[in-house]
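Some notes on the structure that comes next.
We did not get these values from a lab; they are worked out from the coordinates using the rules stated. The model shown is predicted, which means the values in this text are computed figures rather than measured ones. Positions of Cβ are backbone-derived with ideal geometry, glycine not excepted, and every protein chain shown enters the neighbour counts.
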Amino acid sequence: MDLQLYDTYTRSQRPFVPIHPGEVGLYTCGPTVYDYAHIGNLRTYLFEDGLKRVLKWNGYRVHHVMNITDVGHLVSDADTGDDKMEEGVRRTGKTAWEIAALYTEAFRTDLKALNIEEPEIWCRATDHISEQIAFVADLEAKGFTYRTSDGIYFDTSKLADYGYLGRLDTAGQEAGIRVELGEKRHPTDFALWKFSPANERRQMEWDSPWGRGFPGWHIECSAMAQKYLGELFDIHCGGEDHIKVHHTNEIAQTEARCGTRLANYWLHGYFLQLNQAKMAKSAGGFLRVQTLLDQGYDPLAYRYLCLTAHYRTQLNFTWDALDAAVTACERLRLATFKLGVAGDPDPGLVQRFTAEINDDLNFPRALALTWEVLKSELPDALKKGTLLKFDEALGLGLATWTPREEDVPAEVRALAEARWAAKKAKDFAAADRLRGDIQAAGWEVEDQSGGFKLKPGR
Ligand code: AMP
Ligand code: ZN
């Protein structure tokens, strides 16, 4: 089966056809670095990593660009409230630049822990102020902007199909408006450039043709995506919350400037929820990769958990679900390890696996096939070769995993301790019986001077 992806723009699953044969331009909205990423954010990056792996599986060369939002993302998507970075300044007492560097590094550490490949190009909003100013100037020249006392705004009424991505009912919104519009002409109009408040020096502000200030969040992604990938590229991704505002506005700006919808396919990862509610940075007490590590979890078990749910369904996080993922992931890794030397993969099974992942990244079904292979009667080398091939898409690190001391289950360790005690007491019959019990549990015990060592049995 050829690769098919669900495109939010058309609300349909359709064959993936790249603009340039063999190549894919991919832009993924990156983190707002005023705080750590929570595991909800990381679910979206895991989905995007899965997409990238599937594209490569299909032989594409992927040009992946990810931004770092280090300015301009306001507390409210309605262009009110302060910049989230300034909020971080108040919370931590550090400078905005220090915060950006700190949380960018923390984000990269999280990516590594989850086996997520970094993009080819990282781009910081603050390194691209001139590109954003040029973009706004073009929109102004084409008559899409107006000025208020706090900034330059995009007039969404000037675009006939504004809001198509989010299927927004703009006429209905205008008619039903109860909130204060302020100086905005329409509820959906959004800031392109915000003026710094008078008499207040901000840590992040720049001169512009309109006055000192800082760029809006949406213009950042349109400007950088265009700079690195062109006016129309293949795939743009983000979380589902971006459909109605951020991506709708990225498209509006690009349509106004270049007449394209920026990307041919718009893909969105659905949210991770906690207690059936959205996990959000501002809620406080959110779960991070570090929280998982502190509680003794392997972050790759979280990756496994995410693979069990399709990216277009919400996933409710529970510790029980993570525990189940730990058990499954450990069993998979240990069983694969024990298969010994890998041979070539089985072409028929690889074809079946391809059909699953090419069906809009159906990793839950791909994972079910993985277990089917593991439990099959195939020869070990063929089985292992097939599983390692699958793992190029799953990303669970099966090829490099080796059991550690702490991977030995407590009950096996207890059997080994009992055997050691029996040996010391010269009760060799009991020691042999216990060795048999240890082997039956899938482990080998080796005597060493003054103790014993456990390793997975073959
Ligand atoms: P932010 O750092 O807030 O700009 O968000 C980074 C990415 O995480 C964006 O693509 C968001 O859409 C996504 N995101 C935010 N909250 C969640 C969540 N609870 N589950 C999954 N993705 C999320
Ligand atoms: Zn973005």
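Tabulated values for the structure
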| quantity | calculated |
| --- | --- |
| Greater than 31 Å apart at Cα, pairs in K56/K453; K56/K94; K112/K227 | K56/K453; K56/K94 |
| Relative packing of 235-247, 296-308, 329-341, which averages over residues the other C-beta atoms within 10 Å, highest first | 235-247, 296-308, 329-341 |
| Set of lysines with alpha-carbon distance to K244 below 17 Å, sequence-local pairs under 8 removed | K278 |
| Protection-proxy order for peptides 154-161, 359-366, 445-452, each taking the mean of Cβ atoms within 10 Å per residue, highest first | 359-366, 154-161, 445-452 |
| Spin-label pair K426/S149, simplified geometry with 7 Å Cα→Cβ offset, distance in nm | 9.8 nm |
| Farthest toward positive dipole pole in the chain [+1 Lys/Arg, -1 Asp/Glu at C-beta], among P364, H246, T386 | T386 |
| Among F107, A137, P119 the positive-end extreme of the charge dipole of the range 98-168 (Cβ point charges) | A137 |
| Ranked W401, W122, W443, W193, criterion: other C-beta atoms within 10 Å, fewest first | W122, W401, W443, W193 |
| Chain lengthening between R312 and T10 when straightened (0.36 nm per residue, less Cα-Cα) | 107.2 nm |
| Most to least packed among 13-24, 216-227 [average Cβ atoms within 10 Å] | 216-227, 13-24 |
| Cβ-based net charge around E205, under 14 Å, with every Lys or Arg adding one and every Asp or Glu removing one | -3 |
| CD proxy at 222 nm, helix term only [per DSSP H run n ≥ 4: -39500 (n - 2.57); per residue of the chain; nearest 500] | -13500 deg cm²/dmol |
| For H268, H310, order by how many other beta-carbon atoms lie within 10 Å, fewest first | H310, H268 |
| Counted charge near T386, where neighbours are those whose Cβ lies closer than 9 Å (Asp, Glu -1; Lys, Arg +1) | +1 |
| Acute angle (nearest 10 degrees) that the helix 246-258 long axis makes with the longest principal axis of the chain, alpha-carbon atoms | 50 degrees |
| Simple spin-label estimate for A410 and E444 in nanometres, 7 Å along Cα-Cβ | 2.8 nm |
| Ranking of I121, I116 by count of other Cβ atoms within 10 Å, fewest first | I121, I116 |
| Inter-label distance for Q203 and E23, nm, one decimal - labels placed 7 Å from Cα along Cα-to-Cβ | 3.9 nm |
